[in-house]
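FYI, it's all coordinate maths here, none of it is from the lab. The model shown is predicted, which means the values in this text are computed figures rather than measured ones. For neighbour counting, all protein chains shown are included, and Cβ atoms are generated from backbone atoms with ideal geometry for every residue, glycine included.
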Amino acid sequence: MLRRLAPALGLFAILVAACSGGATSSAAPVASAAAPSAAAPSSAGGGAAACAVSTATPTVAAAMQNTAFSPSKIQAKVGDVIGFTNKDSIQHTATLDDGSCTTDIVAGGATAALTFTAAGSYPFHCKIHPNMTGTIDVSG
């Protein structure tokens, strides 16, 4: 009987791990993020632009609430720090649509931040909930 249960229990463990999105931590007020890389804006600015994770105090606030970004269209200036505060009890990310820049998973009550060094329009989404979308418009 154990031989028949072992594969089922293994599959169950894999599904639980995949659905949980990894370890959670709501203790840190600012979540770290994956290694940033260059991001190209979808319009304006021209040339290579950069998005980077920031641990600085946010200068522009955005919320992750009710499985949506608020506001969904974020206005910022080059160098602003955009803070994404998760007001849900479930995890979220803020990820540029081209995948070039992302926060780590943001637990409920935590904040993660991104900053941009070039003007442009940057569409983004939550990797966990792809229906959560928005645009960051960065002016020079």
For the range 57-140, what's the relative contact order in percent, using C-alpha pairs closer than 8 Å and at least 6 residues apart? 33
Using a cut-off of 18 Å between alpha-carbon atoms, which lysines can reach K127, once sequence neighbours fewer than 8 places away in the same chain are excluded? K73, K87
Tally Lys/Arg at +1 and Asp/Glu at -1 over every other residue whose Cβ is under 15 Å from the Cβ of V106; what's the total? 0
Taking amide hydrogens as modeled 1.01 Å from N in the peptide plane, which residues meet the under 5 Å criterion relative to G108, leaving out close sequence neighbours? none
Quick one: which residues, 5 or more positions from D97 or on another chain, have an amide H under 5 Å from its amide H? H modelled 1.01 Å from N in the peptide plane, none for Pro or chain starts. F124, H125
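Quick one: net charge of F84's neighbours, Cβ under 15 Å, K/R +1, D/E -1?
Residues near F84 contribute 0 overall.
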Applying the Karplus parametrisation 6.51 cos²θ - 1.76 cosθ + 1.60 with θ = phi - 60° to the phi angles of the range 133-139, what ³J(HN,Hα) value in whole Hz is obtained for each residue in order, glycine and proline being reported as x? 9, x, 9, 9, 9, 10, 9
Whole-Hz ³J(HN,Hα) for each residue in the range 70-77, computed from phi via Karplus 6.51 cos²θ - 1.76 cosθ + 1.60 with θ = phi - 60°, x for glycine and proline: what do you get? 9, x, 7, 10, 9, 9, 8, 10
